[in-house]
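Since the structure comes first, as structure tokens, the remarks are kept for the end.
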Amino acid sequence: MYAIVNIAGQQFKVERGLKVYVHRLKAEEGADVEFDNVLLIDNGGKISVGSPAIDGARVAASVIQHVRGDKVLIFKKKRRKSYQKLSGHRQDFTQIIIQGILAKGETMKDKLAANKPAGKPVLERRKKVEAAPAVEAKAEKKAPAKKAAAKKAAAPKKAAAKKTTKKKED
């Protein structure tokens, strides 16, 4: 399932779990935001197109962080006029993660309850695996080799024997 949504004047193709960089939003980090200007929704081949937007459809997201983009250099020059100017610019962005695409009348709580697996959560069922002893033994063997290499590097180098040439006398 994906949707085309208009966020801060730009259109993005979004789906659940996708991280998107959008122009700076007026929301705090960690805040939940909703975008209601949804232009298209594709739900497993069933496409809904709005004119211009779908009534009641929303995209739920949460703000991860506010960042700045790469520097863009602006260079101006006029030939033979002894004029050149260099300036730079960094755009402000907000990184968001898409929580879900909601049709008319749906809420995020309903959406999360429908996707929740039965029984214990997956994270609780996993067992912690301890490091194998072979891995620790390899780490101990590497340490003496590094010490020997460091001693060789620290030892003073012997001066190379200089070759002397004798001048032939006539």
> Applying the selection to segment 5-39, what residues are assigned to a strand (DSSP E or B), surrounded by fewer than 17 Cβ atoms within 10 Å (Cβ to Cβ) and over 21 Å from the mean Cα position of the chain (by Cα)?
Replying inline: Asn6, Glu34
>> So if I check each of Gln65, Gln91, which one is surrounded by 13 or more Cβ atoms within 10 Å (Cβ to Cβ), modelled with pLDDT of 95 or more and out of contact with any Phe, Trp or Tyr (no Cβ under 9 Å at 6 or more places or on another chain)?
In response: Gln91
> (1) surrounded by 10 or more Cβ atoms within 10 Å (Cβ to Cβ); (2) modelled with pLDDT of 90 or more; (3) more than 23 Å from Gln10 (Cβ to Cβ); (4) polar (S, T, N, Q): which one isn't true of Gln99, the others all being true?
Replying inline: (3)
> Could you count how many residues in segment 6-61 are among the β-branched types (Val, Ile, Thr) and within 11 Å of Ile98 (Cα to Cα)?
Replying inline: 4
>> Please go through (1) touching a residue at least 40 places away in the same chain (Cβ under 8 Å); (2) not in a strand (DSSP E or B) for Asp70 and return the number of the only condition it doesn't satisfy.
In response: (1)
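The values are calculated or read from the model by the stated rules, or taken from the named source; none is laboratory data. Computed from a predicted structure; not experimentally measured. Virtual Cβ from ideal backbone geometry, glycine too; neighbours counted across all protein chains shown.
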